[in-house]
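Rule-based calculations on the coordinates, nothing more; no lab input. No experiment lies behind these values; they were computed from the predicted model shown. Heads up, the Cβs are rebuilt from the backbone with ideal geometry, glycines too, and the neighbour counts pull from every protein chain shown.
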Amino acid sequence: MIITTSMLRRKYSDYSNPLDKIKRDTDSGVLIRLTRGIYETDGGVNPCLLASSILSPSYLSFDWALSYYGLIPEKSVAVTSATLNVRKNKTFVNKFGRYEYSDIPASAFSEGLTYLESGEYIVKIATKEKAICDSLSKWRVVRNIKDLKELLFVDKRIDEDEFSTCDFKSMMRLAVLYRKTNLDMLIKLIRKEYDHEQCD
């Protein structure tokens, strides 16, 4: 269970020094510090379920989501999330692993999301179409479809078969929200080479 310092202060209000009690519990492993003022009580929880509590608002995306959906072959070394108005990339490291956060444009932030749920935990995650769009908004800029295909399928090793199962109508609707060259190229690629019936 995720618990904050203010919650713990109330829980330990009978102690003469609640902060000392929090420190003792942290030192003994009863509490696991996620970041300043936020703790977890279950050492076995899936690390991805903690990401949005460490920095909010945020949702799982980028390499972690691409791996989760089988779009890239590698497992992400960090739990990666998209953020809003943080302005610079943020990284947190704790017992559960490495957490990386990066902004996307506000116009795209709340679109194309779904949820992962496990017990009392619930966290937002980009759809696979959104994860591709988010990632393209951060990757090196390309100027034509040929270079975009090389970026996606060679450099970033996106699985072409898995990519072909995307909802391209949804992907195009999302892509226009970023106002980025790479996303403009993505729309052109979809219109040129993928199911036209999905794109109309």
Inset, instruction - Find which of PRO73, THR127, THR181 sits farthest along the positive direction of the dipole of the chain, computed with +1 on the beta-carbon of Lys and Arg, -1 on that of Asp and Glu, about the Cα centre. - result: THR181
Inset, instruction - Rounding to the nearest 20 debye, state how big the charge dipole of the stretch 1-128 is about its Cα centre with +1 on each Lys and Arg Cβ and -1 on each Asp and Glu Cβ. - result: 400
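Run lengths n ≥ 4 of DSSP H only: what is the helix-derived mean residue ellipticity at 222 nm for the chain, with -39500 (n - 2.57) per run over all residues, to the nearest 500? Let's see the in-between values first.
Numbers: 11 runs with 78 residues, N = 200.
One gets -10000 deg cm²/dmol as the mean residue ellipticity at 222 nm.
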Legend entry - Förster-model FRET efficiency, 41 Å R0, VAL176 and THR91, C-beta, rounded to 0.05: 0.85
Legend entry - Scaled radius of gyration (Cα, divided by 2.2 N^0.38 Å) that the stretch 75-171 gives: 1.18
Inset, instruction - Might you report the magnitude of the Cβ-based charge dipole of the stretch 64-172 about its Cα centre, with Lys and Arg at +1 and Asp and Glu at -1, to the nearest 20 debye? - result: 520
Inset, instruction - Run down the lysines and flag those whose C-alpha is under 19 Å from the C-alpha of LYS21, throwing out any fewer than 8 positions away in its chain. - result: LYS11
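For the stretch 5-56, what Kirkwood radius comes out of the mean inverse Cα-Cα distance, in Å?
11.7
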Legend entry - Positive-end residue of PHE153, TYR12, LEU113, charge dipole of the chain with Cβ unit charges: TYR12
Inset, instruction - For LYS169, list the aspartates and glutamates whose Cα falls under 12 Å from its own Cα; do not include residues on the same chain fewer than 8 positions away. - result: GLU129, ASP195, GLU197, ASP200
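Could you compute the longest span of the chain free of trypsin sites (Lys or Arg not before Pro) located in DSSP loops and having at most 13 other Cβ atoms within 10 Å, not counting the site residues?
In the chain, the maximal stretch lacking such sites is 96-139.
Compute the projected area of the convex hull of the Cα atoms of the stretch 130-199, averaged over all viewing directions, and report it in nm² to one decimal place.
4.0
Tell me, what are the semi-axes, in whole angstrom and largest first, of the equivalent ellipsoid of the stretch 95-137 as set by the roots of 5 times the Cα gyration tensor eigenvalues?
21, 15, 9
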